[in-house]
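> Sharing a structure with you now.
Bear in mind these aren't lab numbers, they're just calculated from the coordinates by the rules spelled out. What you are looking at is a predicted structure, and each value in this text was computed from that prediction instead of being measured. Positions of Cβ are backbone-derived with ideal geometry, glycine not excepted, and every protein chain shown enters the neighbour counts.
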Amino acid sequence: MLSIVENEVQIVALTLFALLYALKLRWLLSRPTVRDFAHARGNELAGVTAAFSIMFRPWAMLSTRQHWPRWLEFGLMHVGIGTAITYSFLIPYVDGILKWPGTRLAVVAVALGFGAGVVRLARRVSRADVRAISSPDDYFSLAVVDLFLLLGIFALLDLYWGRLLFFSLTALLLVYVPTSKISHYLYWPFARVFYGAYFGRRAVVQ
Amino acid sequence: MSSRLSVAAPSGVSGAEGAAGTGLDLARARELFEKKITRQLVTYFHACAHCGLCNDTCHYYLATGDPRMVPAYKADRFRRVYKRYHDWLGRLVPRWVGAEELSEAVILELADNVFGACTMCRRCTVNCPMGVDMGLLARAARGMLDALGLTPRGLKATVDVHLQTRNNMGISGEDFVDTIEWLEEQLQDEVGDSRARIPLNKKGARMLYTLNPREPKYFPLTILAAAKIMYAAGEDWTLSTNYWDVTNYALFSGNDEAARTIAGWLRDEAVNLGVQEVVMAECGHGYRAFRWEGPNWLKASYPFRVRGFVELMAEYVRDGRIRLDPARNDKPITYHDPCNQARSGGIVQEPRYILHRAAADFREMNPHGVQNFCCGGGGGMLSMTEFAERRIRAGKVKADQIRATGAEVVATSCHNCLDQLMELNKHYKLGVKICNLCEVVAEALVL
């Protein structure tokens, strides 16, 4: 059972995931883009570079400078997610990965990510300004990712039921993610390029 | 403020007499909406993760605490329509992702939001971890609404007058020339040189200088200040009687066709006079519209350079073409960065370079530069009188910023900002003098 969930089910889900993303990209790339004819004042490439690196430089943006705990939550949660996703590939294909000492560190990363995710969910529920911009998808996406991280901890601790539930949820998430707000990360590189090129050219972001 | 957000709100929206039964052509609205969807817009529609970091970047939200003033909420008024037609879950289970069908109520609420509660200042944009360009979204929405006849009357009238008379205040050619000739006499008196000129239509001049219609109409001394600076610098410049207006309110209405026509007039006049450079008078949106957006509306780069007067003044100082005595501006002075120059144009260092040399006690607002707060007068807001109460209320953030500096003089480089700051000065009893930057420079000139 576990073997099927960790292998065949994941492959089917991943294929669907890739197909859905391909369709999303096709739609995005089918739309006309805006060309900038104005003579540059700054440097587009410098703007794009700055735009991509800004997530690693919380001091570079006033909002993250003022709300640095939020940036920390963001960082912890995304590192946790990245770690859990990486292990969803490693566990089925790398024998003994869960016995490797480095996995203990991974458990901590996923646990911290889970904690950050819970804080974020609590904020979304408790604050009127954040509730105002939240749809059911926003709540559900955050809750399901928190659950994914929680189950990730159990999977990394090599608990049988933990692995079974973690990989079952992973398969479901692979199909849900491209249709939900979680897919925002697919657009992140595009957003960064557009933002960086636009404001870099104007010497606003350098 | 909240009552204006209801469906019945856009009482001041032209063509929308009453909320219900306005006869909006929803099929046309949908068609216009689809035409607006560029790759950038698709990206920004999807990229917002609703994290809420933009909340306190917006002066409307900070001044009111109303969650409906959160930038992401305002952008969602447009985004929800996109989701209804182009998002898988939005098509299947609209409520799950907050998607909404295009309806009269949705359109009218959108109009109230993008015209009456967003100055397109982009402070939220530069503070968004994803870089969602709310200014771009708001302008695209305004463009769609404009085509539906939903632009607020005052804003629409400003664009219409511009298209009819080639300047946005309908100033006649005779009045314009009379004013300039009178100012030329004033200039000669001030500098004590009967050869001092304000050149008109000088072919082959190095530079064409543009004016905001508010200058010949209400603030002629600003033109005098600029002329004095250019006299001191020995500039080879000219004004044009054929086309001289720096403004382009179609940037605010979102009407690309009108924007293209207006930008084209200035481009053609610069080519006709054979100048090497067009210098935009101190007007934030005018600078942005012609310097940055004009080439895109016209789909071609200009065969000349375009700069803001602030940039040129900074160059004069740096090159020693004008000399300044800061002691002549001895009162504490602060500077308000116009959003369209700083955040959408990168002009941040130049005004500071000038003020450190033209004034004895220059004090920064906190925050300033790219992070400066909008005064509330952006986005064409001053032309939309129906939103005046909201505009003044949102301007409290700026008023508090000014008060905190202890400055007695506030300089800026934008006529819309100037007008808004004057209103804030009166409303919030700031007791400061508001002026253009070139007036500070002219005062400090050593001739």
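> Mind listing the long-range amide H neighbours of B:V306? Cut-off is under 5 Å, sequence gap 5 or more, other chains count too, H placed in the peptide plane at 1.01 Å from N.
Close amide H contacts, sequence-distant or interchain: B:V278.
> Related question: Output wanted: per-residue J couplings in Hz (rounded whole) for the range B:391-397, from phi through Karplus 6.51 cos²θ - 1.76 cosθ + 1.60, θ = phi - 60°, x for Gly and Pro.
Karplus-based 3J(HN,Hα) across the range B:391-397 equals 4, 5, 5, 5, x, 4, 4 Hz.
> On to the next question. Quick check on the protein assembly as shown: take the gyration tensor over C-alpha atoms, sort the square-rooted eigenvalues as a ≥ b ≥ c, and tell me if it's rounded (a/c under 1.5), prolate or oblate. Don't jump to the answer; show the numbers that get you there.
Working: a/c = 2.27, a/b = 1.90, b/c = 1.20.
Prolate, because a/c is 1.5 or more and a/b exceeds b/c.
> Provide the packing ranking of A:108-114, A:125-131, i.e. peptides ordered by the mean count of other C-beta atoms within 10 Å per residue, highest first.
On the way: A:108-114: 21.9, A:125-131: 14.4.
Sorting A:108-114, A:125-131 by mean packing, highest first, produces A:108-114, A:125-131.
> Could you state the angle between the C-alpha long axis of helix A:8-30 and the longest principal axis of the C-alpha atoms of chain A, as a value from 0 to 90 degrees rounded to the nearest 10?
10
> Sort A:W59, B:W96 by Cβ crowding within 10 Å, fewest neighbours at the top.
Listed from fewest to most nearby Cβ atoms, that is A:W59, B:W96.
> Still on this structure, I have one more. Mean residue ellipticity at 222 nm from the helices of chain B, using -39,500 (n - 2.57) per DSSP H segment of n ≥ 4 over the full residue count, to the nearest 500 deg cm²/dmol? Could the numbers behind the result be given before it?
Numbers: 24 runs with 225 residues, N = 447.
Taken over chain B, the calculation gives -14500 deg cm²/dmol.
> Please report the relative contact order for chain B, taking Cα pairs under 8 Å with a sequence separation of at least 6, and give it as a percent rounded to a whole number.
This gives 16 percent for chain B.
> To the nearest whole number, what is the average tally of beta carbon atoms from other chains within 10 Å of the beta carbons of peptide A:62-72? If you can, show how the numbers build up before the last one.
Working: counts 9, 14, 3, 2, 5, 6, 0, 0, 4, 2, 0.
Partner Cβ neighbours, averaged per residue: 4.
> Per residue of B:32-45, what is the mean number of Cβ atoms on other protein chains within 10 angstrom of that residue's Cβ?
Mean partner-chain Cβ count within 10 Å for B:32-45: 4.
> Distance between the C-alpha centers of the range A:80-149 and the range B:330-352? Whole Å please.
When both Cα centres are located, 43 Å separates them.
> I need the semi-axes of the equivalent ellipsoid of the range B:334-447: take the C-alpha gyration tensor, multiply each eigenvalue by 5, square-root it, list largest first in whole angstrom.
23, 15, 13
> From the phi angles alone, apply the Karplus equation (6.51, -1.76, 1.60; θ = phi - 60°) to the range B:223-229 and give each ³J(HN,Hα) in whole Hz, x where the residue is Gly or Pro.
Once θ is set to phi - 60°, the couplings for the range B:223-229 become 5, 4, 4, 5, 5, 5, 5 Hz.
> Right, here's the next one. Given H placed on each backbone N at 1.01 Å, which residues far from B:K433 in sequence or on other chains put an amide H within less than 5 Å of it?
Long-range HN contacts for B:K433: B:V409, B:V410.
> Separate question: If you put +1 on each Lys and Arg Cβ and -1 on each Asp and Glu Cβ, how big is the dipole of the range B:326-444 around its Cα centre, in Debye rounded to 20?
Numbers: 15 positive and 13 negative charges, 52 e Å.
Charge dipole of the range B:326-444: 260 debye, to the nearest 20.
> Now, a different point. For chain A, just say rounded, prolate or oblate: build the C-alpha gyration tensor, square-root its eigenvalues into a ≥ b ≥ c, call rounded for a/c under 1.5, and beyond that prolate if a/b exceeds b/c, oblate if not.
Verdict is prolate for chain A.
> Using the Cα centre as the reference, give the magnitude of the dipole from point charges on the C-beta atoms of the range A:105-163 (Lys, Arg: +1; Asp, Glu: -1; all else neutral), rounded to the nearest 20 debye.
160
> Further question: Tell me whether the range B:2-150 comes out rounded, prolate or oblate; compute the Cα gyration tensor, take square roots of the eigenvalues as a ≥ b ≥ c, and use a/c under 1.5 as the rounded threshold.
Working: a/c = 1.60, a/b = 1.16, b/c = 1.38.
Note, shape of the range B:2-150 comes out oblate.
> Considering only DSSP beta bridges where both residues belong to the protein assembly as shown, give the percentage that are antiparallel (nearest 5). Mind dumping the intermediate values first?
Working: 2 of 23 bridges.
DSSP beta bridges in the protein assembly as shown are roughly 10 percent antiparallel.
> What average count of beta carbons from other chains do you get within 10 Å of the Cβ of residues in A:100-112? Let's see the in-between values first.
Details: counts 0, 0, 0, 0, 0, 0, 0, 0, 0, 0, 0, 0, 0.
Across A:100-112, the average partner-chain Cβ count within 10 Å equals 0.
> Compute the angle between helix B:309-318 and the longest alpha-carbon principal axis of chain B, please, reported from 0 to 90 degrees and rounded to the nearest 10.
40
> Follow-up question, since we're still on this one. When the Karplus curve 6.51 cos²θ - 1.76 cosθ + 1.60 is applied with θ = phi - 60°, which whole-Hz ³J(HN,Hα) does each residue of the range B:240-249 get, with x for Gly and Pro?
Taking θ as phi minus 60°, the curve returns 10, 8, 6, 8, 9, 7, 7, 7, 7, 5 Hz for the range B:240-249.
> Hey, another quick one. With no other cysteine's Cβ closer than 4.7 Å, which Cys residues of the protein assembly as shown count as lacking a disulfide-compatible partner?
B:C48, B:C51, B:C58, B:C118, B:C128, B:C283, B:C375, B:C435, B:C438
> Could you give the size of the charge dipole of the protein assembly as shown about its Cα centre, using +1 on the Cβ of each K and R and -1 on the Cβ of each D and E, expressed in debye and rounded to the nearest 20?
1500
> What's the exposure ranking of A:F194, A:F52, going from fewest to most Cβ atoms within 10 Å?
Working: A:F194 26, A:F52 15.
Least crowded to most crowded, the residues run A:F52, A:F194.
> Relative contact order of the range B:158-318: what whole-number percent is it, with Cα pairs under 8 angstrom and at least 6 residues apart?
Once normalised by length, the contact order is 24 percent.
> OK, next. Angle check, please: helix A:160-176 long axis (alpha carbons) against the longest principal axis of chain A (alpha carbons), in degrees 0 to 90, nearest 10.
It works out to around 30 degrees.
> Under 5 Å between amide hydrogens, which residues at least 5 positions from B:D337 or on another chain qualify, with H placed 1.01 Å from N in the peptide plane?
Long-range HN contacts for B:D337: B:G369.
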